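I have placed the structure first, in the form of structure tokens, so that the comments after it can refer back to it.
Derivation of every value follows stated rules applied to the coordinates shown; laboratory data play no part. The structure presented is a predicted model; accordingly, all values stated were derived computationally and were not measured. Heads up, the Cβs are rebuilt from the backbone with ideal geometry, glycines too, and the neighbour counts pull from every protein chain shown.
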2 protein chains.
Amino acid sequence: MNDVFLKACRGEAVPYTPVWIMRQAGRYLQQYQAVRRKVDFLTLCKTPELAAEVTIQPVDILGVDAAILFSDILIPVEAMGMELEFIDSRGPVLSPPVRDEDSLNRLSVPDPEEKTGFVMQTIRILRKELQDRVPLIGFSGAPFTTATYMIEGGTSKNFLNTKKMIFRSPELYAALMEKITRTITAYLKAQIEAGAQAVQLFDTWGGIFSPADFREYALPYVTGIISELRGWLESRNAGHVPVIYYVGETGGLLEEIRSCGADVYGIDWRINLDDAARRLGSDAVVQGNLDPAALFLPRHGIEGRVRDILGRASSARGHIFNLGHGVLPETPPENVIALVEMVHHLSGE
Amino acid sequence: MNDVFLKACRGEAVPYTPVWIMRQAGRYLQQYQAVRRKVDFLTLCKTPELAAEVTIQPVDILGVDAAILFSDILIPVEAMGMELEFIDSRGPVLSPPVRDEDSLNRLSVPDPEEKTGFVMQTIRILRKELQDRVPLIGFSGAPFTTATYMIEGGTSKNFLNTKKMIFRSPELYAALMEKITRTITAYLKAQIEAGAQAVQLFDTWGGIFSPADFREYALPYVTGIISELRGWLESRNAGHVPVIYYVGETGGLLEEIRSCGADVYGIDWRINLDDAARRLGSDAVVQGNLDPAALFLPRHGIEGRVRDILGRASSARGHIFNLGHGVLPETPPENVIALVEMVHHLSGE
């Protein structure tokens, strides 16, 4: 089994730097587009055989060192009782937005097998089909980022409804976050039981906070989930399942983030990895952080950036190569293939 | 004359911390809305008497320590030869987008008095009407942020067209930036000649870059403008006109930014000011950095944040209080008035 990714997560010595790509199963691959022509996005997420198929595509095509479950961070939110649609021009739409006690009370903490059994089924199929070629990463949105979609009713520019709730109705916000946190914790446990060998928490919008607000309104819920997962794994003698915590626009927040107890910190491209490693502490394992747009560079330009990132990452305890955000839809697939080869080759394979 | 703002820009001792608010003339004020009911946004920018009127409103209503010219960063772009419209649901639209040599060649470096004389006229009216009550700040978009609007044709999410041009046609990008930089330099000189007593360069989108790309593709043009302005002022014995450089999402970029030679660095709310001051260097004057959404807090919540920011700013050579980004449309004006009072009161007036 290729366990280079899991070893790197644990900070152990590895023969080369493992690499996977956020959104590696996606629109930039014609093989993915072929599947999507048959079903819409939500149906794809909810059809285990198809979700497993597109999850495996980048393992075959790119040669990455990990597979990541094909799904969406809003799947558990729909299971809580919100209506979810994906509209091409607007992105995800959740209705009705959660902005008062009534709309909060209508939401439940779902049983993950009962309400999102298709996710666990996808994971079980994947473990069988991957046959230990590479480890499988499960994932969830982190509580704060999940909450922004629920409060705004979708994506947002200023996140003003979210911040208004936090600043004017902190008890309502806390009650919502408590419900989300319980949902996500159960959801991640179910993924691990089904076979996920690592999990990533996406806090894409965590960077909209000042450091103090991030520490108060986003971080404790992440810390809570990680600590609950660790205790649960220990009580079952289930071994170590690494947790990766990714925050968008981490620049000002690294000193806060390092207390959450994650095994790996996902870093966006706006900060140099050596700077990030120094601020996180020398025992941190980092994941990242090529600008997704850099995959539009000519080949030698990409190589220069890969060398730079590998060099800077050498000051961290461990490194998993990735982009700083999801791969962009128009990205030339041959450049992604070349990127994976470069990372492997230049880091020592 | 209230010269506390100008003294703080120069790092001199001040009796209290001066404060102004980005977008202080704007939709959150009913007095502004009253003017806007008569004319559309672009007409307002181009009618010196009205632009002067809304510029002065926040000086009267809020008691801020500086006025800032009411205008838009795309005004000089329209003068270069692009068509500019403001569409309510989409924001600014510039056409046709600049993506090849042809569209670049159609653009000129305009004479600022000839093509944007209404801006200089607004400044001359303002200096007369302000009667030295407070200094007047002129402004422009920084070259990179200006370029993103020209290349994307408006606002953007991923700035992919911009990055594609930079990564695939660096000569085209350099030629565009050269034209923009010459335009902005002449535009700022004209503003200073008309009476602007300080100028701010807005690089709102500078934070979309990795540190190395920011250093290569955004910063040199800013450094060039500042150095050109300094030489020009010196050759005319025109005294010192402070330059403020504001970059959105500065977190990972501060070590780069500090070389540009600005008098003051505008900092967004995503990083603590003491951290920013340390990374910029102890001789830096900082401006910022309250989260605009914090103006929706109850009064005591705002006060706590003001105290925190003033405390952190004490480690910088000087401090001008401001928000970390523009004031939001729905902000309660009474909270903005209270904010200005708090800053003055708590910092020593």
per DSSP, antiparallel bridges as share of beta bridges in segment B:4-346, % nearest 5, sits at 20 percent
What residue among B:Ile271, B:Ile320, B:Ile151 shows peak mean-square fluctuation when chain B is described by a Gaussian network model with Cα springs under 10 Å? B:Ile271
Contact order normalised by length for segment B:279-349, with contacts defined as Cα pairs under 8 Å and 6 or more residues apart; what percent is it? 45 percent
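Sort B:Thr223, A:Thr43 by Cβ crowding within 10 Å, fewest neighbours at the top.
Values: B:Thr223 15, A:Thr43 12.
Placing the least packed residue first, the sequence is A:Thr43, B:Thr223.
Can you work out the FRET efficiency for the pair A:Ala174 and A:Arg27, with r the C-beta to C-beta distance and R0 = 41 Å, to the nearest 0.05?
Working from the Cβ atoms, E equals 0.65.
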Copy-to-copy spacing for A:Gly281, label 7 Å out on the Cα-to-C-beta vector, in nm, shortest first? 3.2
Counting only DSSP loop positions in segment A:104-168, the trypsin sites (Lys or Arg not before Pro) whose Cβ has at most 10 other Cβ atoms within 10 Å are A:Lys157
Could you give the dipole magnitude of segment A:4-346 about its Cα centre, charging the beta-carbon of Lys and Arg +1 and that of Asp and Glu -1, in debye to the nearest 20? 260 debye
For segment B:1-66, what does the equivalent ellipsoid look like in terms of its semi-axes, each the square root of 5 times an eigenvalue of the Cα gyration tensor, given largest first in whole Å? 28, 12, 9
Relative contact order as a percentage, chain A, C-alpha pairs under 8 Å and 6+ apart, gives 21 percent
Grab the beta carbon distance between B:Glu234 and B:Glu49, set R0 = 30 Å, and tell me the FRET efficiency rounded to 0.05. 0.30
Using Cβ contacts closer than 10 Å as the measure, can you line up B:His325, B:His345, A:His319 from fewest to most? B:His345, B:His325, A:His319
Simple spin-label model, 7 Å along Cα-to-Cβ: B:Glu85 to A:Asp132 in nm? 6.3 nm
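What does the charge dipole of the protein assembly as shown about its Cα centre add up to, to the nearest 20 debye, if the Cβ of each Lys and Arg holds +1 and the Cβ of each Asp and Glu holds -1?
Using only the charged Cβ atoms, the result is roughly 80 debye.
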Selected from B:Gly288, B:Leu6, B:Ile302, residue furthest toward positive end of dipole (segment B:4-346; charges at beta carbon): B:Ile302
Using label points projected 7 Å from each Cα along Cα→Cβ, tell me how many nm separate B:Arg215 and B:Ser259, to one decimal. 0.6 nm
Distances in nm between the label point of B:Gly117 (7 Å along Cα→Cβ) and its equivalents in the other copies, shortest first, are 7.7
Considering every Cα-Cα pair within segment B:4-346, what fraction, in whole percent, is farther apart than 28 Å? 39 percent
In chain B, what residue has the beta-carbon at the shortest distance from the axis of the rotation relating B to A, and what is that distance in angstrom, rounded to the whole number? B:Gly251, 1
Restraint check, B:Lys46/B:Lys128; A:Lys163/A:Lys189; B:Lys46/B:Lys115; A:Lys157/B:Lys164; B:Lys115/B:Lys179, Cα-Cα greater than 20 Å: A:Lys163/A:Lys189; A:Lys157/B:Lys164
Put in order of increasing Cβ neighbours within 10 Å, starting from the fewest, B:Phe118, A:Phe202 give B:Phe118, A:Phe202
Report, for B:Glu85, each distance to the same residue's label point in the other copies, shortest first and in nm; define the point 7 Å along Cα→Cβ. 2.7
Starting from 0.36 nm per residue, how many nanometres of slack lie between B:Ala34 and B:Glu330 once their C-alpha separation is accounted for? 105.0 nm
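Work out the mean other chain Cβ neighbour count within 10 Å for the residues of B:240-251 and drop it here as an integer.
Partner Cβ neighbours, averaged per residue: 2.
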